[in-house]
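> Quick one: the structure is below, questions incoming.
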Amino acid sequence: MTSPTVIHSVGLPAPRADAIGKVTGGATYTADLRLPGTVWGKVLRSPYPHARIAGIDTSAARQVPGVHAVLTGDDLPPNTRFGRRIVDVPVLAQGIVRFIGEPVAAVAADDEDIAQRALDLIEVEYEELPAIFDALEAIEPGATLLHPDVMNYTGLPAPLERPSNVVTRTVWGTGDVDQGFRQAEWTFDYTFTIPTVHQAYIEPHSCLVRIDEAGRVQVWASNKAPYNLRQQVAACIGLPLERIRINPVTIGGDFGGKGSPMFIPLAYFLAKATARTVRIVLAYAEELTSANPRHPCVAQVRVGANRDGTIVAYQARLVFNSGAYAGFKPAGFLPGAQHGGGAYHVPHCKVEALGVYTNRVPCGHMRGPGEPQSIFAFESAVDRVARDLGLPPLEVRRKNLLRDGETNSLGHRYQDIRAEDTLNAALEAAGWDAPKGKNVGRGVAICERAPGGGETHANVTLHADGSVVLHTSIFEQGSGSYTTLQQVAAEELGLPHDAVRVEVWDTDAVPFDTGVGGSRVTRVATQAGAGAAQQARDLLLQRAAQTLGWPREQLTLAGTRIRRNDTGETHSWADVIAKTGSPVVGGASIKDMGPAPVTGFTAQVAEVEVDPETGAVKLRRIASAHDVGRVVNPMGIRGQIYGGIAQGVGYGMMEELRMDDGRVTTASFADYKIPTMADMPEVRIVLLESESGVGPYHVKGIGENPNAPTAAAIANAVEDAVGVRIDDLPITAEKVYRALRAKRQ
Amino acid sequence: MTTQPKKARVSTTVNGQPVDVLVAPYQSLLEMLREVLGLTGTKEGCNDGNCGACTVSLDGRIVDSCLVLGAEADGKRVDTIEGMARPEGLHPLQQAFLEEAALQCGICTPGFLVAARALLEREPHPSEERIRLWLAGNLCRCTGYDKIVGAVRKAAALDGAGNGRAAG
């Protein structure tokens with residue numbers, strides 16, 4: 001018998017592990033689950049941005065046939081709140097409402113229509129209070145305090161000196177900016193404004209909660225951080241962790257938005273009140289008006305630079321409007337805000353981020369929390385400084401770009417800096433030096449992000465029928481982690497990737513998993529998948545040595561066979577397992593929490609054509625280069641990049657969750673426009689592979705980077721095309737038209 | 001106010017199977033499929049006709065099933081994602097979406113597939129521009145669309161991609 005061919009999986013394009021279910025309609029999302037006796041939960045929401053609840057009359061609602069329970073804040077224990085870190089979000093308002101859309105009462109009924117009819121019969125008496133919508137107003141001394149008890153809130157990342165609407169203040173940087181500004185030949189001040197946008201996953205938030213026969217709380221939910229969710233729900237409803245189980249289910253998109261308890265604690269209280277399984281699925285208008293969109297930001301920036309374009313100092317004050325609550329952020333603040341100038345060597349840098357309470361929809365995480373805002377400010381500022389100094393922006397960028405051995409704007413020193421290579425690759429893909437027509441412009445933006453750390457677990461089980469099952473604690477939301485796990489396990493076993501079946505554990509199986517986010521999954525999952533497969537392989541070979549009487553040190557695994565190298569004999573491993581009775585199980589528990597030694601750069605070039613009469617911007621092309629370490633799945637990584645760019649295009653040119661006195665006025669996809677297939681420009685992707693990643697496969701992260709620099713690249717391209725600068729996202733024809741008119745006058 | 005409206009009897013054909021159901025007069029075709037018939041392959045996204053996730057074929061025309069009343073399906077033929085695969089295997093569009101990784105979270109995928117099938121039934125070899133225009137009513141937030149365009153083009157290049165079961 002000839003020796004089996006070695007099969008590789010890592011680095012080759014792999015169709016998704018879950019594709020069959022998704023192309024046939026068989027994949028089960030939370031809203032598709034059907035359990036007998038399920039009732040619908042629906043939420044009555046506040047029509048006022050800030051008000052005292054004087055009374056709620058639910059008597060008529062309770063009498064509607066088919067209604068099983070009606071709950072208000074009075075029916076819950078005092079101070080029933082949840083939070084991912086700062087515990088400040090009421091499950092149902094108790095006394096005060098702080099945004100239009102805040103849950104005030106809830107109904108559980110036989111179907112959705114009955115629940116809605118009952119909600120319509122609930123009478124709430126409100127006494128309006130003064131409301132604040134603008135974060136800059138809310139931070140003024142003497143502004144109405146929206147959370148008078150904030151000092152006592154659980155989970156504040158830093159204690160507050162006095163009650164304030166500024167719930168978090170975080171400062172990052174390096175050097176001494178005051179000294180830097182004194183040294184610099186010029187200083188420039190700019191202000192950038194960035195609107196609220198929504199993650200706009202197509203699956204609205206949904207959950208199913210059942211209290212089972214043993215009294216355990218069973219949860220199915222569109223949530224990508226189930227172990228954190230279990231902790232947050234347990235703390236909120238007052239049950240020990242082991243009484244709660246989060247069950248895996250297909251998640252229909254996340255982009256950072258699906259990591260909070262949202263209305264899951266409420267569904268628990270409804271399940272308790274009705275003794276029925278409760279399903280809550282948000283209507284999309286509720287998504288857009290009351291879920292946890294990306295923070296708007298006012299970025300006040302000062303740059304100190306020399307005549308030759310050297311950036312000596314950078315200072316940014318980023319005012320993030322958190323809305324009514326801060327509990328949707330896992331750190332309490334937005335850690336990505338620090339990364340604005342991460343791709344540059346800036347000797348003196350200070351980034352100050354404020355999280356500010358207002359009476360708007362509470363904001364949460366979206367794809368690089370704080371990064372797209374911070375990078376838009378920094379990368380717009382680089383071009384503005386260049387033009388103010390009369391230098392080409394690319395020259396200023398190159399002059400300050402991070403090089404090996406240097407610390408970046410945060411004082412971090414990474415290994416294997418590839419900023420310039422990445423920039424050059426994007427320029428080449430964009431045809432940077434090709435002649436441009438009239439009113440055509442090109443703009444660059446660059447950023448970096450290191451893969452996040454985390455904890456995850458995996459098992460690989462080899463069965464007597466030759467099947468291989470990988471168990472994971474990750475609940476993926478579309479980003480391709482299951483396929484990555486398949487590939488690394490298959491690689492270690494010498495099998496094609498689709499020989500590995502992925503199954504997902506519920507939260508009873510392992511102590512903890514950090515969840516999807518922070519561009520961490522490829523970093524930790526490749527270690528877990530490979531480690532579990534390696535252990536399974538070693539255990540199998542040991543067992544084969546005993547069973548077949550072959551010397552252990554001569555044995556290798558190759559696909560479906562065990563090979564004895566000294567004789568060339570092979571034997572089916574399935575047969576070894578069949579002979580010995582029990583399956584072979586290898587496991588790996590990975591806690592790789594620290595900062596990564598490497599970062600990943602993304603450089604993008606946008607090419608636009610601007611109509612000087614109307615201001616209409618046609619985005620002709622995005623070229624996007626990525627410093628990715630080794631690629632596990634070329635199809636998967638390109639998907640993440642294409643999708644990120646599409647969100648960046650929306651951020652740059654289309655998307656704004658508009659509000660009028662705290663009321664979201666873009667409450668459907670008819671008004672909240674995200675890019676369609678017809679809106680997308682030509683996209684050219686370059687992957688710069690290297691061995692400088694982390695873990696056994698030298699990987700970096702990709703989830704967040706691709707969406708972060710796009711808006712700045714577009715803004716820079718518009719200025720290159722027609723000489724007007726838009727500092728206020730999104731860059732619409734109207735804004736460009738007004739700027740062109742102002743310039744002509 | 002609280003009396004249940006009388007349900008209507010709807011006789012329709014779903015994926016080739018005759019179906020008789022009782023549907024409340026206000027229930028959408030999407031609710032009829034998902035809540036009454038338990039066919040949850042058709043997804044609810046926005047429920048106001050803007051995302052395309054609930055796209056089905058009604059007498060050969062694609063509709064947002066959230067904007068059509070279930071009662072309107074009476075006497076008509078409804079084709080959903082569940083009927084797209086053939087007995088011998090996946091429809092060429094399904095196969096191409098799978099091979100080209102033209103899906104990520106997958107919530108929009110059934111709508112894209114049903115809409116793309118309708119395009120290929122009418123125009124077996126559409127241009128890229130035509131594909132982008134035809135499918136502009138289907139939103140996807142994950143993929144950036146390029147791989148979807150590629151999958152439709154791939155399926156179109158195969159003979160008979162437009163001659164799925166629902167074409168008849």
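The values are calculated or read from the model by the stated rules, or taken from the named source; none is laboratory data. Not measured: the values here are computed from a predicted model. As a convention, Cβ positions derive from the backbone with ideal geometry for all residues, glycine included, and neighbour counts pool all protein chains shown. The protein model used for the area step is the full one, side chains on, heavy atoms only, and it has no ligands, DNA or RNA in it. Shrake-Rupley method; radii C 1.70, N 1.55, O 1.52, S 1.80 Å.
> When the convex hull of the Cα atoms of region B:8-83 is projected onto a plane and the area is averaged over all directions, what value comes out in nm²?
4.1
> Using the crude model of +1 on Lys and Arg Cβ and -1 on Asp and Glu Cβ, and no other charge, please compute the dipole size for region B:8-83 relative to its Cα centre, in debye to 20.
Using Cβ point charges on Lys, Arg, Asp and Glu, region B:8-83 gives about 120 debye.
> Kindly report the accessible area of the protein assembly as shown per residue (heavy atoms of protein chains, probe 1.4 Å, no ligands, DNA or RNA), in Å².
35
> What's the FRET efficiency of A:Met151 with A:Leu539 using the Cβ-Cβ distance as r and R₀ = 60 Å, to the nearest 0.05?
So, using R0 = 60 Å, E works out to roughly 0.65.
> Moving on to the next point. Over all residues in B:144-152, what is the mean tally of Cβ atoms on other chains that come within 10 Å of each residue's Cβ?
Mean inter-chain Cβ contacts per residue within 10 Å come to 6.
> Determine one quarter of the surface area of the Cα convex hull of chain B, which equals its mean projected area, and express it in nm² to one decimal.
9.8
> Through the Karplus equation 6.51 cos²θ - 1.76 cosθ + 1.60, θ set to phi - 60°, convert the phi angles of region A:395-411 into ³J(HN,Hα) values in whole Hz; use x for Gly and Pro.
Residue by residue, region A:395-411 yields 5, 5, 4, 4, 4, 9, 4, 5, 10, 3, x, 8, 8, 8, 5, 9, x Hz.
> I need to check one value: relative contact order of chain A, counting alpha carbon pairs closer than 8 Å and at least 6 residues apart, in percent.
Over chain A, the number comes to 16 percent.
> Taking the Cα-to-Cβ direction at A:Glu125 and at A:Asp660 and moving 7 Å from each Cα, how far apart do the two end points lie in nm?
My value for the distance between the label points is 3.0 nm.
> Kindly report, to the nearest 10 Å², the accessible surface of B:Asp74 as traced by a 1.4 Å probe over protein heavy atoms only.
80
> Let me ask another. Relative contact order for region B:92-157 using alpha-carbon pairs under 8 Å, separation at least 6, rounded to a whole percent?
54
> Which stretch or stretches of region A:696-718 have amide N atoms under 11 Å from the point lying 7 Å from A:Arg738's Cα along the Cα→Cβ direction?
none
> What FRET efficiency comes out for A:Ala670 versus A:Glu691 if R0 is 60 angstrom and r is the Cβ-Cβ distance? Round to the nearest 0.05.
Once the sixth-power term is evaluated, E becomes 0.80.
> Once the whole set of protein chains is in place, how much accessible area is left on A:Leu208, using a 1.4 Å probe, in Å² to the nearest 10?
In the full protein context, A:Leu208 sits at about 0 Å².
> Would you mind estimating how fast chain A diffuses translationally, via Stokes-Einstein at 4 °C and 1.567 mPa s with the Kirkwood radius over Cα pairs, in µm²/s?
In µm²/s, the coefficient is 47.
> Straight-line reach from B:Lys154: which aspartates and glutamates have a Cα under 20 Å away, not including same-chain ones fewer than 8 places off?
Within reach: A:Glu682, B:Glu88, B:Glu99, B:Glu100, B:Glu121, B:Glu123, B:Glu128, B:Glu129, B:Asp146.
> Roughly how much of A:Ile726 is accessible, in Å² to the nearest 10, using a 1.4 Å probe?
Spelled out: A:Ile726, probe radius 1.4 Å, area about 10 Å².
> Give me a comma-separated list of calculated 3J(HN,Hα) values for region B:16-33, in order, Karplus coefficients 6.51, -1.76, 1.60 applied at θ = phi - 60°, integers in Hz, x for any Gly or Pro.
In residue order, the calculated couplings are x, 9, x, 9, 10, 9, 9, 10, 5, x, 9, 6, 6, 4, 4, 5, 4, 5 Hz.
> In nanometres, what is the gap between the two model label sites at B:Leu133 and A:Ala158, each 7 Å from Cα along Cα-to-Cβ?
If labels sit at B:Leu133 and A:Ala158, their model points lie 5.6 nm apart.
> Please compute the Cα-Cα pair-distance distribution of region A:468-589 with 10 Å bins starting at 0, giving whole percents from short to long.
The calculated distribution, bin by bin, is 13, 42, 28, 14, 3.
> How are the C-alpha pair distances of region A:237-387 spread across 5 Å bins, as whole percents from the shortest bin up?
All Cα pairs, binned at 5 Å, distribute as 2, 8, 15, 16, 14, 12, 10, 7, 6, 4, 3, 2, 1, 0, 0 percent.
> Give the calculated FRET efficiency between A:Lys579 and A:Glu213 to the nearest 0.05, with a Förster radius of 60 Å applied to their Cβ-Cβ distance.
For A:Lys579 and A:Glu213, the calculated efficiency is 0.90.
> Please go through the residue pairs A:Lys350/A:Lys743; A:Lys673/A:Lys735; A:Lys329/A:Lys700; B:Lys6/B:Lys76 and name each one whose alpha carbons sit more than 27 Å apart in this structure.
A:Lys350/A:Lys743
> Of the listed peptides A:716-724, B:8-16, B:123-131, what is their order by residue-averaged count of other C-beta atoms within 10 Å, with the highest listed first?
A:716-724, B:8-16, B:123-131
> Follow-up question, since we're still on this one. Leaving out ligands, DNA and RNA, what percent of the accessible area of chain B is carbon and sulfur, probe 1.4 Å?
The value for chain B is 50 percent carbon and sulfur by accessible area.
> Turning to a different aspect of this structure: What distance in nm separates the simple spin-label points at A:Lys591 and A:Asp176, each placed 7 Å from Cα in the Cβ direction?
4.0
> Just the Kirkwood number for region B:92-157, please: inverse of mean 1/r across all distinct Cα pairs, in Å, one decimal.
11.4 Å is the Kirkwood radius here.
> At 222 nm, what helix-only mean residue ellipticity would the protein assembly as shown give, in deg cm²/dmol to the nearest 500, using -39500 (n - 2.57) for each DSSP H run of four or more?
Helix contribution divided over all residues of the protein assembly as shown: -8000 deg cm²/dmol.
> Working with all protein chains in place, sort B:Glu44, A:Glu102 by solvent-accessible area computed with a 1.4 Å probe, largest first.
Final ranking, largest accessible area leading: B:Glu44, A:Glu102.
> Moving to a separate point now. Karplus couplings for region A:436-441 from phi (6.51 cos²θ - 1.76 cosθ + 1.60, θ = phi - 60°), rounded to Hz, Gly and Pro as x?
Along region A:436-441, the couplings run 10, x, 5, 6, 9, x Hz.
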